[in-house]
1. Working out 0.36 nm times the residue gap between R144 and E224, then minus their Cα-Cα distance, what length gain in nm do you get to one decimal?
2. Among Y298, Y257, what is the fewest-to-most ranking by other Cβ atoms within 10 Å?
3. Which log10 I(q)/I(0) values, to two decimals, does region 200-267 give at q = 0.16, 0.17, 0.20, 0.24 Å⁻¹ under the Debye formula with one point per Cα?
4. Given H placed 1.01 Å from N in the peptide plane, which residues other than close sequence neighbours of W299 have an amide H under 5 Å from its amide H?
5. How far is the Cα center of region 238-264 from the Cα center of region 9-76, in Å?
6. Label points 7 Å out from Cα along the Cβ direction at D217 and Q119: separation in nm?
7. Describe numerically, in nm with one decimal, the distance between label points set 7 Å from Cα along Cα→Cβ at W299 and at D4.
8. What is the calculated FRET efficiency for E103 to E58, with r their C-beta to C-beta distance and R₀ = 25 Å, to the nearest 0.05?
Amino acid sequence: MLSDVLAVLIGFVAVMLLLSLVVTALSQASQSFLRLRGRNLARGLSSLLGHAQLGATEQERRATAREILERKALKSRRPRTPRLVGPSSSWLTSDEMLGGLMEVASKAPPGSAEGLPAQAPERIRTGFDAMEARLEQRFLLWMRILAVGWAVAIAVAFQVSTPELLSKLSSDPATRERYARAAVGLLPELEESVYELSRYVDVSDAALEKLAERHPDLRARLEEASGIAPTRSAIVDEVDLVLPADLAGRKAVVAEYQGLLDELLREQLGTSVEASRLAVSRLALFDIEPWAEGSSFYWIDGALRLNRIAGVLVTAIFLTFGAPFWFNQLRNLSSLRDVLARRPEEGKKAAEKSQKKGS
């Protein structure tokens, strides 16, 4: 009985894992295409300009913030992107912001404060340091919204109802066993895809190495950073912590590291797309294809099939847990099943050994 329950859970978790991979990949691809970090930073800079009393209207402040970021991209030899998908740059230092502001707003060369209110530079520097935490929280909220939206879309498109899937696995031993075998076979194949999906922890080592190459005098300090943390801000904070407190240009080095993280993450977009394709192809092992039953899955004889709609929404909720969560559950369940499978054999061997000793 316990073995059957484990087989049901393994099959169910495998389906959730594959669908979650598609959701995660599409979420990462969307944020990369829309350049959410650049948009987020532009919005933060616009608010900062308002705090410094620069720009008569909100529209003017947003245009100035966007222009500052696009000028930064040109100086770093990165191509400007269409305004449709947001600014090219997703990071800059307070000094770069002031320099860009003086170029855009006052048309004066960098290093001159001509045309700016006397208090503006100090207000910008003070507000800039407090802005990053708010921007990170807002970005995480946007990513959460993206993930929820894609989770609903994928659950609907693939027509996976959690109650129906569990019922099918519970009542059909042949399907249950087939799903369990296919799920276990996916573990080694999917591990790389799950943990290489565009996450900052995946590119932090490469970013640290590039930063050390640019600042060889700081290599020993940078090697003290692990690059392992659950969020981008925590990864960046670790580098800020290992740098000498009296280092001139410390904030600029930290901001440079932020830029390297974002640039390397964008380069991993192809990894996300490939992971999505792999997951869709493997879903066929579990008899799941997009829009397999058409609209009749949700609507038949002029009436909505509310039970299926509710079941699909439950699936969407499960998909928001993320691919790493479901991969860990699948690995744990598979290990437990292996342990249970070995017990009868071990008990048989122990009984045979006892009989030999008794004789």
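Readers should treat all values here as calculations from the given coordinates under stated rules, not as data from a laboratory. Since this is a predicted model, take the numbers as computed values, not measurements. Positions of Cβ are generated from backbone atoms using ideal geometry, with glycine treated the same way; all protein chains shown enter the neighbour counts.
1. Details: separation 80, 0.36 × 80 = 28.80 nm, distance 3.16 nm.
This chain segment gains 25.6 nm when fully extended.
2. Working: Y298 15, Y257 26.
Sorted ascending by nearby Cβ count, the order is Y298, Y257.
3. Computed log10 I(q)/I(0) values: -0.44, -0.50, -0.71, -1.04.
4. R305
5. 21 Å
6. According to this spin-label approximation, the distance is 3.7 nm.
7. Between W299 and D4, the simple spin-label model gives 3.9 nm.
8. Working: r = 21 Å, r/R0 = 0.85.
Approximately 0.75, to the nearest 0.05.
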